[in-house]
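Working notes, beginning with the structure itself.
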Amino acid sequence: MKSTDELIDDLLTLAFAEDVGDGDHTTLSTIPADAMGKQHLLVKQPGILAGVEIARMVFKKFDPSLKMTVFIGDGSRVKPGDIAFEVEGPVRSLLQTERVMLNIMQRMSGVATMTDVYQSRLEGLKAKVLDTRKTTPGMRMLEKMAVKIGGGMNHRIGLFDMILIKDNHVDFAGGIPQAIRAAKAYCSEKGKDLKIEVEVRNTDEIRQALAEGVDRIMLDNFTPEATAEAVKLINGATEVESSGGITLDTIRAYGEAGVDFISVGALTHSVKGLDMSFKACK
């Protein structure tokens, strides 16, 4: 399996292939090959900055001679007018890396900012906001990185690093006990040390999951009131996660119900990028 750095490198290869193709003919035709210059990243909207270290990878991959000086790091709260970093080197390289870098920085900063907003609604509570697998194809590693930068936590990265038994698995397996037993047998047979989480839809399924023993129970589409009752029933026997249609307006109520985690697809599936630009400077 590829490492995170390898997956990010693959993404950058694809990004340059689709954007630069066989050459930025506008830049190549108008800018002399020996022209040198400097550009800086200008923040135009308040939020949480994310993607600075990925930007460094973008510049290094395209042209190792580009020199990047960072003024504001990942996870910092920024405002309009802030200069996050400047990059100096061949003008042709600056212009050809601009859009790939901005696409990543804006997207990651948007995710980090959204995560910060959701997590701030849980201030004073133990609950942590989690991301989901509802990510942009190819950008999952970057978006999940941005969630952590924004103060949230990552759920599983993909289908490979955790067992999450959802409603369809339960129905096809013949029930919660059967699904959990099969998952444990599989892990034992394959020598895998994977956490097991099961999604439940009612109190009876909670009792079944508790009887079998799992690492986490996901309460799917429970009301805050039903969540509080479920937390009492589970009584610390396992981690508890709330999921399903939770919004900024309702997340506090779920946190107050006593859950450990609250998963929110909106952190990545419908976020707006943070406004910023890469401008020439002296």
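The values are calculated or read from the model by the stated rules, or taken from the named source; none is laboratory data. None of these values were measured; they are calculated from a predicted model. Using ideal geometry, Cβ is built from the backbone for each residue, glycine included, and neighbour counts are taken over all protein chains shown. Quick note on the areas: whole protein, heavy atoms, side chains included, nothing else; ligands and nucleic acids left out. Shrake-Rupley method; radii C 1.70, N 1.55, O 1.52, S 1.80 Å.
Hey, does the stretch 99-121 have a residue that's part of a strand (DSSP E or B), touching a Phe, Trp or Tyr at 6+ places or on another chain (Cβ under 9 Å) and either farther than 24 Å from S29 by Cβ or of a type in the set (D, E, K, R) (or both)?
no
Right, K166: within 26 Å of L7 (Cβ to Cβ) and either free of Cβ contacts under 8 Å to residues at least 60 places away in the same chain or buried (at least 21 other Cβ atoms within 10 Å of the Cβ) (or both) or not?
yes
Checking the structure you have, find out if any residue of the stretch 140-148 is over 14 Å from L267 (Cβ atoms) and either open to solvent by 50 Å² or more (accessible area, probe 1.4 Å) or among the β-branched types (V, I, T) (or both).
no
Any residue in the stretch 187-195 that is over 30 Å from R107 (Cβ atoms) and touching an Asp or Glu at 6+ places or on another chain (Cβ under 9 Å)?
The answer is yes; a qualifying residue exists.
What's the total number of residues in the stretch 1-51 that are touching a Pro at 6+ places or on another chain (Cβ under 7 Å) and free of Cβ contacts under 8 Å to residues at least 12 places away in the same chain?
0
With respect to D82, is the statement that it is under 20 Å from D19 (Cα atoms), in contact with a strand residue (DSSP E or B) (Cβ under 9 Å, 6 or more places away or on another chain) and of a type in the set (D, E, K, R) true?
The answer is no for D82.
Exactly one condition in (1) hydroxyl-bearing (S, T, Y); (2) closer than 16 Å to I149 by Cβ; (3) buried (at least 17 other Cβ atoms within 10 Å of the Cβ) is not met by S120; state its number.
Result: S120 passes all but (3).
Hey, can you tell me all the residues within the stretch 212-257 that are of a type in the set (V, I, T), touching a residue at least 24 places away in the same chain (Cβ under 8 Å) and under 21 Å from S270 (Cβ atoms)?
T250, I251
Please list, ordered by first then second residue, the pairs with beta carbon atoms under 6 Å, 6 or more apart or interchain, first in the stretch 95-106 and in contact (Cβ under 8 Å) with a residue 60 or more places away in the chain and more than 17 Å from T268 (Cα to Cα), second part of a helix (DSSP H, G or I) and open to solvent by 40 Å² or more (accessible area, probe 1.4 Å).
So the pair list comes out as R99/D19; V100/D19.
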